[in-house]
Each structure stands twice: as C-alpha cells, then as structure tokens.
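Novice: Sharing a structure here in structure tokens format.
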Amino acid sequence: MKTAAIICNGPSRENLDLKIFDNITTFGCNAVYRDYAVNYHVCIDYPVYEELIQALPSKDHDNIILAKEEEQFEPANKPGVRAKNNAGVFALDQAVSRGYNNIIVVGMDCIVAEGDSLGNIYLGSKNFPDKVSFDDQKRRLFYLDWFCQQHPNVKFTFSFPDEIKKYNRIEAKNVVGLTFSKLKEKLNA
C-alpha cells in the first residue's frame, strides 16, 4: 500500500508531535507549514496561497497545490448543496489522485462530537479570522463521508487524541479510527 498523511488544523491535533510523519509523504492543509515541513501544501483560498508563496523557499513552490476553478467547490456530482470546498477533503482528493491508497488523517475535527470541533489551531491569525458554523461542520462531515464512499479501494484512517470518546457517524466502510497512541505504535513498528 502507498501511504500518505493529511495534516488538517482542527484543535484535536494541537499536541501531536508531527515528526511521527517524517518517513511518509505528507499533505498539509493551509498554514501547517507554520508547525511542520510537509511535502505538499494544499489550500483553497488565494490569500493562503500568497502566504505560502511568501513564507516558503522558492524550491518548495512547485509543491503548493491551490484549488483552481471547479476545485474551489465541492464536486458537482455530490448530492445536496454544492458549497465551497475545504482544504481537508481537497487534500484527500490530491492524495488519492496521486495514487495513495492508505491515508492517515489528523486534525479533521468534523468527525469529533465533543470539544471544539468548530475550531482551527490558527484561529485569529492571518488568513484565519473566523470559526466555521455548526451547520458547515455537518455539511463537511456529509461531504467527507461521501468522498470516502467514492473511493472504496482506499483505506482512510482518522486519528485523534486518546481522550476523545465521542464521534459523529461515518457510513463509509473504508474508514477506521485510531487513537494517537495506537498511531504512534503503528508508525514506529
């Protein structure tokens, strides 16, 4: 299996040492570069893209993936309202399109049913002024579940801190959960 990690920015990943991903390909959402050097920098919004261009060395600019035109929105064939895309699912799509079929995800907190699932660890900093709404989180969860169902040959592992106990339901059969402690064991094996 070809493994990659998607690093999103939900508060659940705040205390995770991202160095556990040093030996696999990483896709970082938006401003992850502030905390960890990823292989691919994924963003939806042009201001974040500009931040990445300014902050990263020019040798890394080819690894910035900005959603273009249609990619700015959820796929047209997804049921329901076609809303603006989000960096987490867009990063999943980029990993799948590059042939990764074993994808580990941290910080995608729309799955979490407790704590600050609406937050972002960069909230209040440049390019991240607002929280998403509860309705937006529900839509993101539906979109994530739908996306995973569209890729039944890909294993999606969502990892969260050991103390989180309540999760929103995902119907996709190719999605599993893993605590951070178990993830560390698995990656160090």
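The values are calculated or read from the model by the stated rules, or taken from the named source; none is laboratory data. What you see is a predicted model; the values in this text were computed from it and never measured. Because the Cβ atoms are built from the backbone with ideal geometry, glycine has one as well, and the counts that use them run over all protein chains shown. Only protein heavy atoms, including side chains, enter the accessible area calculation; ligands, DNA and RNA are left aside. Shrake-Rupley method; radii C 1.70, N 1.55, O 1.52, S 1.80 Å.
For (1) modelled with pLDDT of 95 or more; (2) on the phi > 0 side of the Ramachandran plot; (3) touching a Ser or Thr at 6+ places or on another chain (Cβ under 7 Å); (4) open to solvent by 30 Å² or more (accessible area, probe 1.4 Å), each residue gets a yes or a no:
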position: PHE134; (1), (2), (3), (4): no, no, no, yes
position: ARG139; (1), (2), (3), (4): no, no, no, yes
position: ASN153; (1), (2), (3), (4): yes, no, no, yes
position: PHE156; (1), (2), (3), (4): yes, no, no, no
position: ILE164; (1), (2), (3), (4): no, no, yes, no
position: TYR167; (1), (2), (3), (4): no, no, no, yes
position: GLU171; (1), (2), (3), (4): yes, no, no, yes
position: VAL175; (1), (2), (3), (4): yes, no, no, yes
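Novice: Does segment 65-83 contain at least one residue that is in contact with a Phe, Trp or Tyr (Cβ under 7 Å, 6 or more places away or on another chain), open to solvent by less than 30 Å² (accessible area, probe 1.4 Å), touching a residue at least 60 places away in the same chain (Cβ under 8 Å) and within 26 Å of ASP17 (Cβ to Cβ)?
Specialist: Taking every residue of segment 65-83 in turn, none turns out to be in contact with a Phe, Trp or Tyr (Cβ under 7 Å, 6 or more places away or on another chain), open to solvent by less than 30 Å² (accessible area, probe 1.4 Å), touching a residue at least 60 places away in the same chain (Cβ under 8 Å) and within 26 Å of ASP17 (Cβ to Cβ).
Novice: Still on this structure: Just one of VAL112, VAL89, VAL42 is within 15 Å of the chain's Cα centre (by Cα), modelled with pLDDT under 95 and open to solvent by less than 10 Å² (accessible area, probe 1.4 Å); which is it? Write out each step before concluding.
Specialist: Values: VAL89 fails: modelled with pLDDT under 95; VAL42 fails: modelled with pLDDT under 95.
None of the others qualify; the one that does is VAL112.
Novice: Still on this structure, I have one more. Can you tell me which residue in segment 1-33 is least open to solvent (accessible area, probe 1.4 Å), limited to those that are aromatic (Phe, Trp, Tyr) and over 14 Å from VAL89 (Cβ atoms)?
Specialist: Narrowing segment 1-33 to residues aromatic (Phe, Trp, Tyr): 21, 27, 33.
Of the ones still in play, those that are also over 14 Å from VAL89 (Cβ atoms) are 21, 33.
Details: PHE21: 1, TYR33: 56 Å².
Out of the qualifying residues, it is PHE21.
Novice: Kindly provide the set of residues from segment 92-109 that are part of a loop (DSSP other than H, G, I, E, B) and either at positive phi or crowded, with 20+ Cβ neighbours inside 10 Å (or both), ordered by number.
Specialist: Quick first cut of segment 92-109, residues part of a loop (DSSP other than H, G, I, E, B) only: 98-101, 107-108.
Correct list: GLY99, TYR100, GLY107, MET108.
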